[in-house]
Amino acid sequence: MSTRANRYDAEVLRREQVSDHLVRLTLGGDGLTGFTSTGIPDEWVGLVVPGQFQSRYYTVRSWTGGELVLDVVVHDVGLVTEWARRTCVGDVVTVTAARGSFAMPPEARWLMLMGDLTAMPAMARIAESVRDVPVRVWAEVPDDLAGYLPGDVDVTWLPDPGDGHSELAAVVEALDWPEGDGYFWMAGESAQMRAIRKHLMREVKLPTSHYDVMGYWRATSGRQPRAVDPGPVWRAGKAAGKTDEQIWADYDAAQTEEANDG
Ligand SMILES: Cc1cc2nc3c(=O)[nH]c(=O)nc-3n(C[C@H](O)[C@H](O)[C@H](O)COP(=O)(O)OP(=O)(O)OC[C@H]3O[C@@H](n4cnc5c(N)ncnc54)[C@H](O)[C@@H]3O)c2cc1C
């Protein structure tokens, strides 16, 4: 296990193309010793790819026998995108401990899931794990992902309008809410998710314990701005036995590199 608390160094063992924009990465190796699943079906890890300091979040698609599977969407540009687009097998990445958010109340009699391509790994895992109430899914995706969700789930496939646009807000506004207690889980672009939370609270008047609406990504015109995070530089320097002065010199160099890159 990594000497850094709650961080694990893992090797990319396999890379498979699931669909046009979705790449499955299987991570493994001794560095994952001690990694555990929370058992919460939308659990995620932070992923830091080689040569980067900032993390991006990815759903634990599965964790079995020492292998951690992440399904990564390849966007037009992006820090992880540009790495995952290439052959990355053999690379060593860092993942953080898993955390989850999905909390369906025991009295829930229905479950509705909605999201874009980045939400598909979580929606698939949730649908696989919740077997005792009817599950409905709305998926706004550009790829053919028939077979990605369990066969008995009622799925509405919505075309992805592209360019980071989404019609999901309109779909939520037009929803016929089932009778009785249930649970609504949704993930997508952060600003849109904020508006949807307001709608659920003010118009639908769902109790907050009956929905979970998560901002998975922020719409920007290019790569998300990346300030260099000093934490990993500090920890790597300490682990290498460097002095504080040397570590801050490394940090300055990383920032300069970042500015030149940008
Ligand atoms: C809890 C959680 C779980 C997540 N699980 C997954 C997962 O399992 N698989 C997965 O692929 N993603 C997942 N995401 C979303 C992922 O973290 C973001 O999409 C992230 O920004 C991708 O990083 P990047 O380095 O490729 O692109 P960035 O450098 O972060 O962004 C580059 C550009 O791409 C744009 N962009 C980012 N995401 C999207 C998008 N969905 N649609 C259109 N444009 C986009 C940005 O606006 C920006 O312009 C999850 C996020 C959270 C918070």
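Counting each DSSP H run of 4 or more residues in the chain as -39500 (n - 2.57), what helix-only mean residue ellipticity at 222 nm follows after dividing by all residues, to the nearest 500 deg cm²/dmol?
Helix contribution divided over all residues of the chain: -6500 deg cm²/dmol.
I want the antiparallel fraction of DSSP beta bridges within the chain, as a percent rounded to 5.
Taking every DSSP beta bridge within the chain, about 55 percent pair in antiparallel fashion.
Of THR220, THR59, THR156, which is the most mobile in a GNM of the chain whose springs link Cα atoms less than 10 angstrom apart?
THR220
Work out from phi, with θ = phi - 60° and the Karplus expression 6.51 cos²θ - 1.76 cosθ + 1.60, the ³J(HN,Hα) of each residue of region 67-74, listed in order in whole Hz, and give x for Gly and Pro.
Residue by residue, region 67-74 yields 10, 10, 9, 10, 9, 10, 7, 9 Hz.
For the chain, set up a GNM with springs between Cα atoms under 10 Å and report which of ARG136, ARG24, ARG218 has the largest fluctuation.
Result for the chain, Cα springs under 10 Å: ARG218 fluctuates most.
What value in Å³ per residue do you get for the convex hull of the alpha-carbon atoms in the chain?
Expressed per residue, the convex hull around the Cα atoms of the chain is 141 Å³.
Full extension from HIS199 to ASP30: what is 0.36 nm times the residue separation minus their Cα-Cα distance, to one decimal in nm?
So the extension gain works out to 56.2 nm.
Over the chain, average the accessible area per residue using a 1.4 Å probe and give it in Å², no decimals.
Per-residue accessible area for the chain comes out at 50 Å².
Mind checking which of VAL92, HIS165, THR81 is farthest towards the positive end of the chain's charge dipole, using Cβ charges of +1 (Lys, Arg) and -1 (Asp, Glu) about the Cα centre?
Final value for the positive-end residue is VAL92.
So which aspartates and glutamates can LYS198 reach, going by Cα to Cα under 20 Å and dropping same-chain residues fewer than 8 places off?
ASP116, GLU167, GLU173, ASP176, ASP181, GLU189, ASP212
Does region 143-204 come out rounded, prolate or oblate, given a ≥ b ≥ c as the square roots of the eigenvalues of its C-alpha gyration tensor, rounded meaning a/c under 1.5 and, failing that, prolate meaning a/b above b/c?
oblate
Considering only protein heavy atoms and a 1.4 Å probe, what is the carbon-and-sulfur percentage of the accessible area of the chain?
Exposed carbon and sulfur together represent 49 percent of the surface.
For the chain, what is the charge dipole size about the Cα centre, in debye to the nearest 20, if Lys and Arg each add +1 at the Cβ and Asp and Glu each add -1 at the Cβ?
Computed about the Cα centre, the dipole is about 620 debye.
Distance in nm between label sites at GLU173 and GLU67, each 7 Å beyond Cα in the beta-carbon direction?
Going from the GLU173 label point to the GLU67 one covers 4.5 nm.
Among the DSSP beta bridges whose two residues both lie in region 50-139, what percent are antiparallel, rounded to the nearest 5?
Just about 40 percent of them are antiparallel.
The values are calculated or read from the model by the stated rules, or taken from the named source; none is laboratory data. This one's a predicted model, so the numbers in the text were calculated from it and none came from an experiment. As a convention, Cβ positions derive from the backbone with ideal geometry for all residues, glycine included, and neighbour counts pool all protein chains shown. Accessible surface areas use protein heavy atoms only, side chains included; no ligands, DNA or RNA. Shrake-Rupley method; radii C 1.70, N 1.55, O 1.52, S 1.80 Å.
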